[in-house]
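Since the structure comes first, as structure tokens, the remarks are kept for the end.
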Amino acid sequence: MTKAIPKIGSRRKVRIGLRRNARFSLRKSARRITKGVIHVQASFNNTIITVTDPQGRVVFWSSAGTCGFKSSRKASPYAGQRTAVDAIRTVGLQRAEVMVKGAGSGRDAALRAIAKSGVRLSCIRDVTPMPHNGCRPPKKRRL
Amino acid sequence: MFTCRPLVSPPLPRRLAVASPLAPARPPPSSASSLRVVRCMAKERRVRMVAKQIQRELADMLTRDPVLQRAVLPEAALGADQYLSSLTTIADVELSNDLQVCKVYVSVFGDERGKKVAIAGLKAKTKYVRSQIGKRMKLRLTPEIRFIEDESMERGSRILAILDKLKEEREQQEGNEEEEDGEGANLSEEEEGDWDADEPDEEDIIYVK
């Protein structure tokens, strides 16, 4: 029998995670699941990794900022790697599907960390949003 | 003798002035030489800004440009849009001081075949990439693009894996020592150990690009 998991509980955990002092206790309280989806969002200035269950409910998230990096160091590949290791160790995944969004430098490092950590990857999907001739892009940057 | 020669021939007074130890003759050539210094380098900040922007443009092209996508992932032409056999990332961009040569370090996550295909495809599309950058960026000179494979990611991850093994071995030894004491002390000390172990690891691990 599968219990229904309320979303309010997960939201509370996410809010608790915003405080630095409570971070260690959050590590304990994160749900442990065997199978899930790892979302990697790698922008040019930060890397955010969210672990969800197969239905898409958030179990745990981590970012370069919560791992202690600031300003330009958040964009480094090492920050991406530490973020990935932090997320996976806390949840204890065994099988996962990876969805990658964005083109930052933490993307590759996070993927390598996920692959090395022992999680079995069923597939890797690139879900970066792409317009099929949508609105006009912003103006060019002048250098 | 000296007064007669400069009057007779004009080129002679320059030589005599240079050869003679007279003080007022020296400053003019030094000032002329200082005025003639030619700068052929951009400032450091501009070099960094342009390199960063080229990196952004290239990463965006890898994501959105169908020609580059098919060059890097031949399966994309067959309709396998999202399921990737390799993932290509622009790891770093080095730009020369005169903004004319651009080295692009490409890191490919995947197996050996995927890596070879991706890098060969990128090198084949070098001229296309240069023309696209010329259109997207407003520069006086469009830099020459050179794609170089970047293996530092793999080496870095290997080293970190080794460090993790050493850390686990040390934790196992500490666990063996703690088991002799008792279970209650075990749990709290393990948590404290984990907390303490994180900080020295951060200090020890030095990531070198």
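For region B:42-170, report the accessible area per residue in Å² (1.4 Å probe, heavy atoms, rounded to an integer).
Numbers: 7170 Å² over 129 residues.
Ligands and nucleic acids excluded, the figure is 56 Å² per residue.
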Just which residues of region A:63-106 lose 20 Å² or more accessible area with every protein chain there, against their chain alone, with the probe set to 1.4 Å?
A:Pro77, A:Tyr78, A:Gln81, A:Arg82, A:Arg89, A:Ala103, A:Ser105
For the interface of chains B and A, what total accessible area is buried with a 1.4 Å probe, rounded to the nearest 100 Å²?
3300 Å²
State which entries of A:Lys101/B:Lys127; A:Lys74/B:Lys165; B:Lys103/B:Lys123; B:Lys115/B:Lys165; A:Lys101/B:Lys135; A:Lys70/A:Lys101 exceed 19 angstrom in Cα-Cα distance in the structure shown.
A:Lys101/B:Lys127; A:Lys74/B:Lys165; B:Lys115/B:Lys165; A:Lys101/B:Lys135; A:Lys70/A:Lys101
Contour minus Cα-Cα distance for B:Lys123 and B:Lys103 (0.36 nm per residue):
6.0 nm
Show the residues, 5+ positions off or on another chain, whose built amide H is closer than 5 Å to the amide H of B:Ala91.
B:Tyr105, B:Val106, B:Ser107
Expressed in Å to one decimal, the Kirkwood Rh of region A:33-124 from all distinct alpha-carbon pairs is 12.5 Å
Given a 1.4 Å probe, show me the residues in region B:85-121 buried by at least 40 Å² of accessible surface when comparing the whole protein assembly to the chain alone.
B:Leu87, B:Thr89, B:Phe109
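Expressed as a whole percentage, what fraction of the accessible surface of region A:56-107 belongs to carbon and sulfur atoms when a 1.4 Å probe is rolled over the protein heavy atoms?
The value for region A:56-107 is 47 percent carbon and sulfur by accessible area.
The values are calculated or read from the model by the stated rules, or taken from the named source; none is laboratory data. In this text the structure is predicted, and so the values were computed from the model without any measurement. SASA here: full protein model, heavy atoms, side chains in, ligands and nucleic acids out. Shrake-Rupley method; radii C 1.70, N 1.55, O 1.52, S 1.80 Å.
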